[in-house]
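Please read the structure below before turning to the comments.
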Protein chains: 2
Amino acid sequence: MALVEVTRLRRMVREILHAHDVPERAARLQSDLLIAAELRGHPSHGVFRLRRIVERLRAGVADPVATGRHDWAGTALLRVDGEQGLGPVVAMSALDAVRERARSTGVAAAVIRHNNHLGMLSWYVEQVALAGQVAIATCTSEALVHPWGGRRPMIGTNPIAIGVPAQPHPLVLDMATGLVSMGKIHDYANRGLPLPPGWALDAAGEPTTDARAATAGSIAPFGEAKGYALALTLEVLVATLTASETGTAVRGTLDSDQPSSKGDLFIVFDRPPGAVVESIGAYLQAVRDTEPTGDAPVQVPGDRSRLRSGLTAEQGVEVADEVWQHLETLHDAARTHVVADSATTPADSHGTIPERAESERP
Amino acid sequence: MALVEVTRLRRMVREILHAHDVPERAARLQSDLLIAAELRGHPSHGVFRLRRIVERLRAGVADPVATGRHDWAGTALLRVDGEQGLGPVVAMSALDAVRERARSTGVAAAVIRHNNHLGMLSWYVEQVALAGQVAIATCTSEALVHPWGGRRPMIGTNPIAIGVPAQPHPLVLDMATGLVSMGKIHDYANRGLPLPPGWALDAAGEPTTDARAATAGSIAPFGEAKGYALALTLEVLVATLTASETGTAVRGTLDSDQPSSKGDLFIVFDRPPGAVVESIGAYLQAVRDTEPTGDAPVQVPGDRSRLRSGLTAEQGVEVADEVWQHLETLHDAARTHVVADSATTPADSHGTIPERAESERP
């Protein structure tokens, strides 16, 4: 493990993105997102992802400057063709538009296709909730999850995130509908550990505790039959609204050369009254104060990440050796590139992405 | 068990409601909802509920004629004060308004408070999906579910339902976020059966398999920590948007004399293109066709209810003896009432509730 200072890691990611023709603000959004995942203790959505982003930029299936084409399908419904732009760049542009629109419509939604990987959904909904609005986000992804009672992967790990303003902290839910992530299965495989029973099937559709075998198979949905029903319904909901692909036809977040064919959905409600926001804070505290069954206190969604985030920001980010080495290699190449091309460093053309102060970062 | 013909049961429920000053169309909506639950094999949401509805009408905490006061908080967001009207009457009036609005806004939502029990949510979202639009519905309810790792009930069984048009049948999800319903726990208690481990805690917050002890305790959330996070977030989302109560302050669906203080949320998206609806049908069929792990074929949400519904409509509804006896008593009283008051049978004043043909019923 390398222990890296947060500001250094952030700068490295930005410089690597600049070297691949990503303009300043877009690079900041993408790096903020990756670093936020590291801070919250979700390395699977952190700088580890940069390798794939760079490969996709090089292969032309991620566009460094696209922010998405906006088309209002109704007063409150924004259709976005992401034009294969970077996930957070296209999504924040759409989210900014629907957040503004929701002020007059009360509720507004963005349906996005042809967009790259969103990364950690909590990052989006937390920003909306911190600004006093309510957000729901969900998206599809490659089929890795088997139907309840079925042998093959047919459903994405389709996460859902919800952010609601509350005092002193917003409530932030962010959960995948797979029982575990494929990243975790790979991690068990790399460390030679057996999987707990019930996590996965092998390529033949048989239950397995062999992590290596599971990487070629499928993951169980969380919550048995109900979780399966929710996962499948999110797949169908998102694909229907965004006119994107379903099941095994979804591409573009686990490979380096296929155009993205998944969909993203954001719903924003305008600000609830201040009195409500305060009473929700009191309710959440009452939930935390529920007498626990064991030694650990009851937590509410977002508590653990927030706690972790503060600690990591002080102590630095632990980056796996392999990820760190690759990051250093990319960064060395980027510095050479920047020096060589300094006259043609990409201009900032992202007029639709608003400036975000450091202090606004979740 | 009494086996009762569907048309007879429907007529009885309507006549009982008429006798309690519920106008014709409102009585039809409420009875359609209860009968639909029976047809789908969910007796906990069926005619069993009529006893409480009648008690609430008599106690003045359910208003037989109210359809809800509508107030557009934005072009696409309808705030509804249910004025303690009947659940399906207030909800369908709101849903009709947002369905119409979504045609021009693309997406629209209704946030409802002071409304009585919605009953089975699938009934609402399926009607929207059959008409070609997409619906999401969720609501809060009395605290019966304990936080993950906590000893006391702090969260409702907060269901979520989603209906999406597809060929040949819409996809209809309807799931509570409790692991099981309190109705099921009561059923185990009545039959003297032990609960499976993990379902419930007793009044002291200790795990129990004694169903009787569990009725005074709390139910586990479905899906362990993730299901808990979703259940709690739905509670907070709905309470925030509707400015209604949370946790142990929620009243009015399990008692006979408290005004309702829970909230309901409906989100409607306008019709997706026909080509998308067809491709979703093909995907759902591919999911059903996934090679099963056992003998049972893979199902998608709504399959079982639809199958069951057709059978029950032919064979009649099985009503538990106690429920049937009470229904007959209510019905006998209603007939007397109708004969006595025939000159003052309530007029139909529900202009905002559209006529619904028998054939449109799900």
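The values are calculated or read from the model by the stated rules, or taken from the named source; none is laboratory data. All of these numbers come straight from a predicted model, not from anything done at the bench. Counting neighbours? That spans all protein chains shown, and the Cβs are built from the backbone with ideal geometry, glycine included. Please note that ligands, DNA and RNA were not included when accessible areas were found on the heavy atoms of the full protein model with its side chains. Shrake-Rupley method; radii C 1.70, N 1.55, O 1.52, S 1.80 Å.
Within the stretch B:97-109, is there a residue that is touching a Lys or Arg at 6+ places or on another chain (Cβ under 9 Å) and not aliphatic (A, V, I, L, M)?
Within the stretch B:97-109 (the criterion being touching a Lys or Arg at 6+ places or on another chain (Cβ under 9 Å) and not aliphatic (A, V, I, L, M)), the answer is yes, since at least one residue qualifies.
Any idea which residue in the stretch B:67-106 is nearest to the other protein chains (Cβ to nearest Cβ), counting only those that are in a loop (DSSP other than H, G, I, E, B) and open to solvent by 10 Å² or more (accessible area, probe 1.4 Å)? Even if it seems obvious, please write down each step before you answer.
Step one: list which residues in the stretch B:67-106 are in a loop (DSSP other than H, G, I, E, B), which gives B:67-68, B:75-76, B:82-84, B:86, B:106.
Checking the rest, the ones that are also open to solvent by 10 Å² or more (accessible area, probe 1.4 Å) come to B:67-68, B:75, B:83-84.
Details: B:T67: 21, B:G68: 17, B:T75: 4, B:E83: 20, B:Q84: 21 Å.
Among those that are in a loop (DSSP other than H, G, I, E, B) and open to solvent by 10 Å² or more (accessible area, probe 1.4 Å), it is B:T75.
Considering (1) in contact (Cβ under 8 Å) with a residue 60 or more places away in the chain; (2) facing chain B (nearest Cβ under 9 Å); (3) open to solvent by 40 Å² or more (accessible area, probe 1.4 Å), say which one A:P168 fails and leave the rest.
Condition not satisfied by A:P168: (2).
Just a yes or no: is a residue in the stretch B:245-267 open to solvent by less than 10 Å² (accessible area, probe 1.4 Å), in contact with a Pro (Cβ under 9 Å, 6 or more places away or on another chain) and within 12 Å of another protein chain (Cβ to nearest Cβ)?
Yes: one or more hits.
Out of (1) within 11 Å of chain B (Cβ to nearest Cβ); (2) touching a helix residue (DSSP H, G or I) at 6+ places or on another chain (Cβ under 8 Å), the odd one out for A:A131 is which?
Unmet condition: (1).
Hey, can you tell me all the residues within the stretch B:286-328 that are facing another protein chain (nearest Cβ under 10 Å) and on the phi > 0 side of the Ramachandran plot?
B:G302
Criterion first (without any contact (Cβ under 8 Å) to a residue 40 or more places away in the chain and open to solvent by 40 Å² or more (accessible area, probe 1.4 Å)) does A:P273 satisfy it? Don't jump to the end; show me each part of the working.
Working: without any contact (Cβ under 8 Å) to a residue 40 or more places away in the chain: yes; open to solvent by 40 Å² or more (accessible area, probe 1.4 Å): yes.
In short, yes.
Among what's in the stretch A:134-165 and is touching a Leu at 6+ places or on another chain (Cβ under 6 Å) and more than 11 Å from chain B (Cβ to nearest Cβ), pick the residue that is nearest to A:S44 (Cα to Cα).
This residue is A:T157.
In the stretch A:261-278, what residues are of a type in the set (G, A, S) and at pLDDT below 95?
So the first thing to find is which residues in the stretch A:261-278 are of a type in the set (G, A, S), and the list is A:261, A:263, A:274-275.
Residues satisfying the conditions are A:G274, A:A275.
Would you please name the residue that is most open to solvent (accessible area, probe 1.4 Å), looking only at residues in the stretch A:215-229 that are part of a loop (DSSP other than H, G, I, E, B) and either hydroxyl-bearing (S, T, Y) or over 30 Å from B:T157 (Cα atoms) (or both)?
Taking the stretch A:215-229 as the starting set, the residues that turn out to be part of a loop (DSSP other than H, G, I, E, B) are A:216-217, A:220, A:222-223.
Imposing the further condition that a residue be either hydroxyl-bearing (S, T, Y) or over 30 Å from B:T157 (Cα atoms) (or both) reduces the set to A:216-217.
Working: A:A216: 68, A:G217: 11 Å².
The selected residue is A:A216.
Go through (1) at positive phi; (2) out of contact with any helix residue (DSSP H, G or I) (no Cβ under 6 Å at 6 or more places or on another chain) for A:H146 and report which single condition fails.
(1)
Within the stretch B:190-214, count every residue that is away from every other protein chain (no Cβ under 11 Å) and open to solvent by less than 10 Å² (accessible area, probe 1.4 Å).
Our first condition is that a residue be away from every other protein chain (no Cβ under 11 Å); within the stretch B:190-214, this holds for B:190-200, B:202-203, B:208-214.
From what is left, the residues that are open to solvent by less than 10 Å² (accessible area, probe 1.4 Å) are B:195, B:200, B:211, B:214.
Of the residues in the stretch B:190-214, 4 are away from every other protein chain (no Cβ under 11 Å) and open to solvent by less than 10 Å² (accessible area, probe 1.4 Å).
Might you let me know whether the stretch B:8-28 holds any residue that is under 18 Å from B:K262 (Cα atoms), in a helix (DSSP H, G or I) and free of Cβ contacts under 8 Å to residues at least 60 places away in the same chain?
Step one: filter the stretch B:8-28 for residues under 18 Å from B:K262 (Cα atoms), giving none.
No: zero hits.
Which pairs turn up if I take residues in the stretch A:88-109 that are at positive phi and touching a residue at least 40 places away in the same chain (Cβ under 8 Å) and look for partners that are of a type in the set (D, E, K, R) and surrounded by fewer than 24 Cβ atoms within 10 Å (Cβ to Cβ) with beta carbon separation below 6 Å, at least 6 apart in sequence or on another chain?
Taking only residues 6 or more apart or on different chains, the pairs are A:G106/A:D270.
Could you identify the single residue in B:I16, B:I53 that is modelled with pLDDT of 95 or more, more than 30 Å from B:V107 (Cα to Cα) and open to solvent by less than 10 Å² (accessible area, probe 1.4 Å)?
B:I16
Are any of the residues in the stretch A:322-336 at pLDDT below 90, under 24 Å from A:V22 (Cβ atoms) and of a type outside the set (K, R)?
Restricting attention to the stretch A:322-336, the residues satisfying the condition of being at pLDDT below 90 are A:335-336.
Within this subset, residues satisfying the condition of being under 24 Å from A:V22 (Cβ atoms) are A:335-336.
Add one more test, that the residue is of a type outside the set (K, R), and what stays is A:336.
Scanning the stretch A:322-336 turns up at least one residue that is at pLDDT below 90, under 24 Å from A:V22 (Cβ atoms) and of a type outside the set (K, R).
Please indicate, with yes or no, whether at least one residue in the stretch A:215-229 is on the phi > 0 side of the Ramachandran plot, facing another protein chain (nearest Cβ under 10 Å) and among the charged types (D, E, K, R).
Within the stretch A:215-229, the first condition is being on the phi > 0 side of the Ramachandran plot, and the residues that meet it are A:223-224.
Next cut, facing another protein chain (nearest Cβ under 10 Å) only: A:223-224.
In the following step, the residues that additionally are among the charged types (D, E, K, R) were identified as A:224.
Yes, the stretch A:215-229 contains at least one residue that is on the phi > 0 side of the Ramachandran plot, facing another protein chain (nearest Cβ under 10 Å) and among the charged types (D, E, K, R).
So if I check each of B:A213, B:A231, B:A200, which one is within 19 Å of the chain's Cα centre (by Cα), under 17 Å from B:L144 (Cβ atoms) and at pLDDT 95 or above?
Working: B:A213 fails: within 19 Å of the chain's Cα centre (by Cα); B:A200 fails: within 19 Å of the chain's Cα centre (by Cα).
Going through B:A213, B:A231, B:A200 in turn, the sole match is B:A231.
How about the stretch B:230-349: which helices (runs of 4 or more DSSP H) wholly inside it have at least 3 residues that are among the β-branched types (V, I, T)? Write out each step before concluding.
Values: elements: B:274-288, B:303-315, B:321-340.
It comes to B:274-288, B:321-340.
From the list A:P207, A:P170, exactly one residue is under 30 Å from B:A135 (Cα atoms) and in contact with a Leu (Cβ under 7 Å, 6 or more places away or on another chain). Which is it? Walk me through how you get there before you give the answer.
Working: A:P207 fails: under 30 Å from B:A135 (Cα atoms).
Of A:P207, A:P170, the one residue that is under 30 Å from B:A135 (Cα atoms) and in contact with a Leu (Cβ under 7 Å, 6 or more places away or on another chain) is A:P170.
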